[in-house]
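Asks: This is the structure I want to talk about, given as structure tokens.
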Amino acid sequence: MIAIIDYDAGNIKSVEKALMALEEQVVVTRDPKEILDADGVILPGVGAFGDAMERLESYGLVEAIAQVAERRIPLLGICLGLQLMFESSEESPGVKGLGLLPGQILRIPDEGGLKVPHIGWNNLKYPNGGRLFRNLPEDSYVYFVHSYYLRAQEPEIVTATTEYGVPIHASVEKDNIFACQFHPEKSSGVGRKILQNFIAVVKGTQE
């Protein structure tokens, strides 16, 4: 069973549909017990960093997510879900993130004629081996929708990068924690494989 954390985040339904298409058992919940009883957990999200942290706090989910990390339950953050895992964001000065991983979320610069938000397909490079990208070739394309990007403090946790005016840390992995700035649920066959790889980690069929 994979729990999708429901905190009025926006892209929950598309993530649920993608997992159901893979014949995976899914529960959409904001009940901490259900989340902690799951074999794997997904933190989705679109929207503003500060608003999202406020909702997580109000639903009592911050502590539940911290316990997911402590118990080494596989945890996947998607888009805003990735950003929330880090310490802070330029989008919401003074608001603390979940702090599961060290790093900052920065605004994509309005330079060089690039449109912000960044919406569209970009290719990935793999600076470090990541379990989400097993059997996927470098330069696979995935779908992004974002105005802010990750600069992780630990280069060794960065498993995928892309370029959009600046180098973007597009995916990270550390112990049981995984995160993608892009949307695997909207990334066609590549995204399907990424979700299958996460499911394999959850089920213990991929170490």
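Asks: Give me the number: length gained by fully extending MET20 to LEU114, i.e. 0.36 nm times residue separation minus the C-alpha to C-alpha distance, one decimal in nm.
Replies: Value of the extension gain: 30.3 nm.
Asks: In debye to the nearest 20, how big a dipole does the chain give about its Cα centre with +1 on each Lys and Arg Cβ and -1 on each Asp and Glu Cβ?
Replies: Here the chain has a charge dipole of around 420 debye.
Asks: List the pairs from LYS33/LYS115; LYS33/LYS125; LYS13/LYS96 whose alpha-carbon separation is above 31 Å, in the order I gave them.
Replies: LYS33/LYS115; LYS33/LYS125
Asks: Calculated FRET efficiency, ASP39 and GLU154, Cβ-Cβ r, R0 22 Å, to nearest 0.05?
Replies: 0.25
Asks: Can you figure out the FRET efficiency of LYS203 with GLU63, using R₀ = 22 Å and their beta-carbon distance, to the nearest 0.05?
Replies: 0.25
Asks: With every protein chain present, what is the per residue accessible area of the chain (1.4 Å probe, Å²)?
Replies: 44 Å²
Asks: If I build a Gaussian network model for the chain, linking alpha-carbon pairs within less than 10 angstrom, which residue out of SER88, SER188, SER171 has the largest mean-square fluctuation?
Replies: Ranking SER88, SER188, SER171 by mean-square fluctuation puts SER188 first.
The values are calculated or read from the model by the stated rules, or taken from the named source; none is laboratory data. For clarity, every value in this text was computed on a predicted model and none was experimentally measured. Reconstructed Cβ throughout: ideal geometry from the backbone, glycine too, with neighbour counts over all protein chains shown. Ligands, DNA and RNA are excluded from the accessible area calculation, which covers all protein heavy atoms including side chains. Shrake-Rupley method; radii C 1.70, N 1.55, O 1.52, S 1.80 Å.
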